[in-house]
Amino acid sequence: MYIFGYGSLMNSASRQLTGQTGQAIPAIVHGLVRYWGKVDDSYLISPLVVNPGQGQVNGVLLEIDEAGLAEFDRRERGYQRIALSHQQIDCQHPLKTDQAIWVYVTEQYQPPCTRSPIVQTYVDTVLAGCLEVSEAFARHFVEHTLGWQAPWENDRSMPKYGNLAGVNATDLEHIDQLIAQVR
């Protein structure tokens, strides 16, 4: 089976903090919309959320087994796991058509606020993961994510994001240039 990672799961070092996956297959899923938001008030930062809608979201398909699925279900607490159809997926890699594709969504999300802002270290983790694929992949992420104007906190000196990983100092200027277009 596969899970579709559209946020920090795109970053290989961050997802390895949770469990092992197969190869990360870059893909675009049609019929989803990605926002900055939070699932509930227990979140002290506002991560990414997706829900069904008229849009497209880039991310990576990760092949996992049942044990891996349980680990990622724990990581994505508060989200609901729903199935995607193979017809929604655009990717250059052949997929096993007999395998389920899961995505973590929420239909009820709250926008970022000053108590739970977008934090820079989460953005850094996600965009470093996008840059593992390509510059164009990172630009697609920025262009197809809603809510960039929400409350923001630069926490690079004292990271608040618990799964921060895989961000090189050399990536930071590049990341800042990418988000300067929308902030």
Query raised in the report: Within the stretch 122-153, can you find the residues that are in contact with a strand residue (DSSP E or B) (Cβ under 9 Å, 6 or more places away or on another chain) and of a type in the set (Val, Ile, Thr)?
Result: Val123, Val126, Val133, Thr145
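Restricting to the stretch 131-162, name every residue that is β-branched (Val, Ile, Thr) and either open to solvent by less than 40 Å² (accessible area, probe 1.4 Å) or at pLDDT below 95 (or both).
Residues of the stretch 131-162 that are β-branched (Val, Ile, Thr), as a first pass: 133, 142, 145.
If the condition is that a residue be β-branched (Val, Ile, Thr) and either open to solvent by less than 40 Å² (accessible area, probe 1.4 Å) or at pLDDT below 95 (or both), then Val142, Thr145 are the ones that fit.
Considering each of Ala165, Ala128 in turn, give the residue that is modelled with pLDDT of 95 or more and among the aliphatic types (A, V, I, L, M).
Working: Ala165 fails: modelled with pLDDT of 95 or more.
That would be Ala128, the only listed residue that is modelled with pLDDT of 95 or more and among the aliphatic types (A, V, I, L, M).
Only one residue in Gly53, Gly31, Gly19 is of a type in the set (Gly, Ala, Ser), within 30 Å of Cys113 (Cβ to Cβ), in contact (Cβ under 8 Å) with a residue 12 or more places away in the chain and touching a helix residue (DSSP H, G or I) at 6+ places or on another chain (Cβ under 7 Å). Which one? Outline the logic, then answer.
Values: Gly53 fails: touching a helix residue (DSSP H, G or I) at 6+ places or on another chain (Cβ under 7 Å); Gly19 fails: within 30 Å of Cys113 (Cβ to Cβ).
Answer to the check: Gly31.
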Query - Hits in the stretch 2-44 (condition: among the hydrophobic types (A, V, I, L, M, F, W, C) and modelled with pLDDT of 95 or more) - result: Ile3, Phe4, Met10, Ile25, Ala27, Ile28, Val29, Leu32, Val33, Trp36
Query raised in the report: Identify, please: which residue in the stretch 163-183 is outside any helix (DSSP H, G or I) and hydrophobic (A, V, I, L, M, F, W, C) and is, among those, farthest from Gln149 (Cα to Cα)?
Result: Ala165
Report task. Kindly establish whether Asp98 is without any contact (Cβ under 8 Å) to a residue 24 or more places away in the chain, under 19 Å from Leu164 (Cα atoms) and of a type outside the set (Phe, Trp, Tyr). Result -> no
Requested in this report: Mind counting the residues in the stretch 160-183 that are touching a Phe, Trp or Tyr at 6+ places or on another chain (Cβ under 9 Å) and either closer than 18 Å to Tyr43 by Cβ or charged (D, E, K, R) (or both)?
Outcome: 5
Query raised in the report: Across the stretch 13-33, what is the number of residues that are open to solvent by 50 Å² or more (accessible area, probe 1.4 Å), more than 14 Å from the chain's Cα centre (by Cα) and within 20 Å of Phe137 (Cα to Cα)?
Result: 2
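Being modelled with pLDDT under 95 and farther than 22 Å from Leu32 by Cβ narrows it down to one of Thr114, Thr121, so name that one.
Details: Thr121 fails: modelled with pLDDT under 95.
None of the others qualify; the one that does is Thr114.
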Report task. Would you mention how many residues in the stretch 34-57 are surrounded by fewer than 17 Cβ atoms within 10 Å (Cβ to Cβ) and of a type in the set (A, V, I, L, M, F, W, C)? Result -> 1
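The values are calculated or read from the model by the stated rules, or taken from the named source; none is laboratory data. Because the structure is a prediction, the values reported are computed rather than measured. As a convention, Cβ positions derive from the backbone with ideal geometry for all residues, glycine included, and neighbour counts pool all protein chains shown. What goes into the accessible areas is simple: the full protein's heavy atoms, side chains included, and nothing from ligands, DNA or RNA. Shrake-Rupley method; radii C 1.70, N 1.55, O 1.52, S 1.80 Å.
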